[in-house]
Amino acid sequence: MSTTRLIGAAGIAVLVVGPGGPAFGQGPQEAGSRASASAPGPLERLADGQPNVQGVWNPVNAGSLSLTNPVPQAADFDPTIKPLPSRIIDPPDGLVPYQPWAAARQKLQGHDYAYPTKPEHIDTQHRCLLSGVPRLFTIVPSLKIIQSPGQIVFIWDSYHAYRVIPLDGRPHVAPNVKLWMGDGRGRWEGNTLIIDTTSVKGQRLTYIGDFYSENARIAERLTWPSANSMIYEATITDPTVFTRPWTMRVAQRRRPDEEMWETACYEGMANPDQFLLKSAPGRQ
Amino acid sequence: MRLRLLTFLIPATLLLLAQASAATAPDGAVQAPGPVAIPRAPDGKPDVSGIWQVLNTAAWDIQDHSAQKGVPGGQGVVEGNEIPYQPWALARKKENYAQRADVDPEAKCYLPGVPRLMYMPFPFQIVQTPKELTILHEYVHTVRYIFTDGTPHPPGPIAWWLGDSRGRWEGDTLVVDVVHFNDATWFDRAGNFHSEALHLVERYRLLDADHIQYDVTVEDPKVFTRPWNMSMILYRRREKNVQLFDYECYGFDWEKYYPYPEMRPPQ
């Protein structure tokens, strides 16, 4: 079931990235018009005042491989398909503003991802460990939103990942606590959910080795221009790794509200270490 | 005067009777003498949302057991304390116990299955909507859905770690039917096990705002000679600002390799 759905999601991703397809940063109306659920309309309100955004969502154009130069997988089959514009909307050049040491590290990690020779070269996502925030908002598989009074819950169809965001203004956990999904606190401003996340672990962001450290703080804005489209933005501030805060944007659209079935991940999987190479071309 | 004494005595006697019946309630749970207010969802069903956790030692052994190094002793959760294994299965259980350090699926970081997940020594959070209950477990961030929209189990065979859970409200009791298991999970760290033919009927009933009576009927004709029952209480975590943390489990030496050394800043 989930495999079928994954293929379905990938198929749609291919569909929308074809030549002349909607580019990144497209208007929300266009994203909404491709949704297969009910017609767009004003967001209804739940009993506790939250806009009702429950249901299943996934990115119009995902960014698993790269945020800056997202090559659609379809390009493997059709060389006329061009890379999409960067998901990064700030800085204006669309690049991650790494400090020099971190830019070198990112490059090495990208190289090691392609030619892994050591256990630590394997992306933790391939070990079924939690990929954290904002990475899980940029992957192809769907996420589901459930709201109940005073909180909003995100659940991913892969890795059985979830994230509970309290909306009651409670303080963050102590800064020495590090959580795989970070410690998020949210509030609504109209149709925009603002989440402030601290206590993250150092995480990778893409297969090409983008990363942040455990000193990162993440400010997310999830805006619903209509009932069927959402604009996801995350600003990452990490003075250990970057020269300035930077922001990514990934448009999301509503998917059919299907039951999510079990997606065990780690169970029974082949040990990724067996795929390590005995040797690799030299790093540049 | 006599009349006044009577008017005092009658309610007092009634109260005593009520308390006596409470003490002898058949399931051993404390019963309040009158109707107890329980939280209710907007649809009128009991509202079991919140963060819950058991306070027992069933994670180590669902039967009565004494303490050992690293294992708290405790009363079991199996009614009658006997698990009616078929002879071959009892031998297998003893084998499992002897080899538990190596063959317990929990030691491999696999999803622990149902009902084991419900009495791991970690909290879990229930998010309730009219269509479904979503149970978020701190232990390996497991997500379990109990669909309550009247839909049937999907046709099998399906081998899931947590099975397929379909629930319905019988009065104020949530009755959940669980099928479609694999044969790879255990009930505890003592080697109690089942086959893929496992069928559970769980009952969740709020005793008051902060306690759920949780009963499970276990049926597996391949392993047991008859159905048997588990019974325990789920306690609401009431600490101020209580929230789930995470417990990631990995069957390899994560700390040795991650964070990836080159993700660390220069010293």
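The values are calculated or read from the model by the stated rules, or taken from the named source; none is laboratory data. This structure is a prediction, so every number in the text was calculated from the model and none was measured. Cβ sites come from the backbone with ideal geometry, for glycine too, and all protein chains shown count toward neighbours. Quick note on the areas: whole protein, heavy atoms, side chains included, nothing else; ligands and nucleic acids left out. Shrake-Rupley method; radii C 1.70, N 1.55, O 1.52, S 1.80 Å.
Annotation note: Cβ proximity below 6 Å between a residue of the stretch B:66-85 that is open to solvent by 80 Å² or more (accessible area, probe 1.4 Å) and a residue that is assigned to a loop (DSSP other than H, G, I, E, B) and not hydroxyl-bearing (S, T, Y) (sequence gap 6+ or interchain) occurs for B:S66/B:G73; B:Q75/B:D64. Pairs are defined by a Cβ separation below 6 Å, a sequence spacing of at least 6 or placement on different chains, a first member in the stretch A:261-275 that is more than 8 Å from every other protein chain (Cβ to nearest Cβ), and a second member that is at pLDDT 80 or above and open to solvent by 60 Å² or more (accessible area, probe 1.4 Å); the pairs so defined are A:P272/A:H126.
Run down A:V140, A:V133 and say which single residue is under 12 Å from the mean Cα position of the chain (by Cα) and more than 30 Å from B:G50 (Cα to Cα). Don't jump to the end; show me each part of the working.
Values: A:V133 fails: more than 30 Å from B:G50 (Cα to Cα).
Answer to the check: A:V140.
When B:D246 is tested against (1) more than 15 Å from the chain's Cα centre (by Cα); (2) more than 12 Å from every other protein chain (Cβ to nearest Cβ), only condition (2) is not met. Residue count for the stretch A:236-284 under the criterion of being open to solvent by 40 Å² or more (accessible area, probe 1.4 Å) and within 18 Å of the chain's Cα centre (by Cα): the result is 3.
Say whether the condition of being more than 14 Å from chain A (Cβ to nearest Cβ) and open to solvent by less than 40 Å² (accessible area, probe 1.4 Å) is met by at least one residue in the stretch B:153-173. Yes; the residues of the stretch B:153-173 include at least one that is more than 14 Å from chain A (Cβ to nearest Cβ) and open to solvent by less than 40 Å² (accessible area, probe 1.4 Å).
For the structure I just gave you, tell me whether B:L206 is away from chain A (no Cβ under 14 Å) and not aromatic (F, W, Y). Answer is yes for this residue.
Scanning the stretch B:131-148 for residues that are within 11 Å of another protein chain (Cβ to nearest Cβ) and not hydroxyl-bearing (S, T, Y) turns up B:K131, B:E132, B:L133, B:I135, B:L136, B:H137, B:E138, B:V140, B:H141, B:V143, B:R144, B:F147.
Under the condition of being in contact with a Phe, Trp or Tyr (Cβ under 7 Å, 6 or more places away or on another chain) and open to solvent by 10 Å² or more (accessible area, probe 1.4 Å), the residues counted in the stretch A:215-234 number 0. Just one residue in the set A:T247, A:T243, A:T206, A:T223 is modelled with pLDDT under 95 and more than 20 Å from A:L179 (Cβ to Cβ); that residue is A:T206. Looking only at the stretch A:147-156, decide whether some residue is farther than 17 Å from A:G55 by Cα and of a type outside the set (A, V, I, L, M, F, W, C). Scanning the stretch A:147-156 turns up at least one residue that is farther than 17 Å from A:G55 by Cα and of a type outside the set (A, V, I, L, M, F, W, C).
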